[in-house]
1. Please go through segment 173-193 and give me each residue that is within 24 Å of LEU113 (Cα to Cα) and more than 15 Å from the chain's Cα centre (by Cα), ordered by number.
2. Pull out all pairs, ordered by first then second residue, where Cβ-Cβ is under 7 Å, the residues are six or more apart or on different chains, the first lies in segment 277-299 and is closer than 19 Å to ASN252 by Cα, and the second is polar (S, T, N, Q) and not in a strand (DSSP E or B).
3. Please tell me if VAL86 is touching a Phe, Trp or Tyr at 6+ places or on another chain (Cβ under 6 Å), modelled with pLDDT of 95 or more and either surrounded by 17 or more Cβ atoms within 10 Å (Cβ to Cβ) or of a type in the set (Lys, Arg) (or both).
4. Look at segment 94-112 and say how many of its residues are exposed (fewer than 14 other Cβ atoms within 10 Å of the Cβ) and assigned to a strand (DSSP E or B).
5. Could you say which residue among ALA154, ALA117, ALA149 is out of contact with any Gly (no Cβ under 9 Å at 6 or more places or on another chain) and small (Gly, Ala, Ser)?
6. Working only within segment 86-121, note down all residues that are within 21 Å of ALA62 (Cα to Cα), of a type outside the set (Asp, Glu) and touching a strand residue (DSSP E or B) at 6+ places or on another chain (Cβ under 6 Å).
7. Which residue is surrounded by the most Cβ atoms within 10 Å (Cβ to Cβ), if the candidates are limited to segment 142-182 and must be among the hydroxyl-bearing types (Ser, Thr, Tyr) and farther than 22 Å from GLN238 by Cβ?
8. Taking only pairs six or more apart or across chains, which ones have beta-carbon atoms under 7 Å, a first residue in segment 139-152 that is within 11 Å of LEU194 (Cα to Cα), and a second residue that is at pLDDT 95 or above and surrounded by fewer than 17 Cβ atoms within 10 Å (Cβ to Cβ)?
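The values are calculated or read from the model by the stated rules, or taken from the named source; none is laboratory data. Nothing here was measured: the structure is a model prediction, and the numbers come from that model. Counting neighbours? That spans all protein chains shown, and the Cβs are built from the backbone with ideal geometry, glycine included.
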Amino acid sequence: MSFPLGRAAAGIVALAAALGVRPAVATEGGGSVYPFGAENYLTGALPPPGLYALFYGEAYFARRFVGNDGQDATPPGFRLNANAFVSRLVWVTPQRVLGGDFLLSLIVPMVNLHVEASGRGQTRTGLGDITLSPGIGWHFSPNLHVIGAFDFFAPTGGYNRNDLANIGRNYWAFGPVYAASWADPRGLNADVKLGYLFNQTNHATGYASGNELYADYSLGWAATPRWVLGVGGYMTVQTTDDRDDGQTVAGNRHRAFAIGPSLKYASRQGWFVTAKWQREMAVRNGAEGHAFWIRAVFPL
């Protein structure tokens with residue numbers, strides 16, 4: 001499961017506008033409804049039935065844009081800064097489905113975005129694209145946990161095709177999600193979240209971004225039963241070409257990889273916090289930058 005920030009999306013659509021071209025540079029600007037790298041330790045571990053509040057924070061910045069062949073395609077004065085505060089409510093119901101616990105999730109992001117390129121600049125703050133997700137969680141052992149879900153991304157964020165900075169993507173997207181966690185309080189902690197996005201058409205531009213495969217990951221070791229230290233990040237690959245007014249746009253598929261240090265602290269009271277810094281690399285057709293993530297989980 002996830003929440004949509006669209007930070008790179010908004011910024012690179014803005015970059016295309018600053019260069020005087022249509023906002024169509026791999027997944028309509030090299031961005032996505034999914035905020036790559038958002039998840040960390042215990043992403044596949046569903047808690048017992050009840051209500052849970054999750055809060056995410058992100059600070060992202062990029063000063064470079066990479067083209068299709070890995071070349072530097074950065075325009076003069078390019079700056080992309082995005083900050084997000086995201087609230088998420090998860091209801092783990094008492095209902096059992098296929099041997100697991102049925103859940104519902106609602107994610108509401110608030111985003112501040114600033115973009116500069118080629119002598120222009122703009123800042124926008126407001127509601128981003130909301131995510132709704134039903135899912136099922138299984139516990140196969142005290143250490144191994146799995147979640148299967150289906151994400152629906154709604155175009156609730158602000159969008160204007162003439163703006164330099166857009167918080168929303170202005171199209172629907174949906175797709176399956178699979179997350180697995182191995183959590184050992186005295187040893188290995190490993191997590192992966194796999195997702196596939198079916199992106200729909202932005203009717204303001206006639207542009208349909210290609211579908212995307214992505215994975216958030218973390219790998220660490222429990223230094224103590226409360227502290228886990230390790231690394232984390234993400235990878236993403238665009239699997240189909242974009243379409244512009246029904247015509248295939250070849251040679252513009254987005255891909256990226258990110259890695260950096262990560263940690264988790266678990267309290268005696270049941271809440272826990274994860275944090276990580278990640279650097280993007282091996283980027284094609286998108287922004288290349290750095291991100292800091294923090295996530296806090298509280299039982300209600």
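1. Within segment 173-193, none qualify.
2. ARG284/ASN68; ASN285/ASN68; ASN285/ASN252
3. In short, yes.
4. Total meeting the criteria: 4.
5. That would be ALA154, the only listed residue that is out of contact with any Gly (no Cβ under 9 Å at 6 or more places or on another chain) and small (Gly, Ala, Ser).
6. Result: VAL86, PRO109, MET110, VAL111, ASN112, LEU113, HIS114, VAL115.
7. SER181
8. Listed by first residue and then by second, the contacts come to GLY148/TYR178; ALA149/PRO134.
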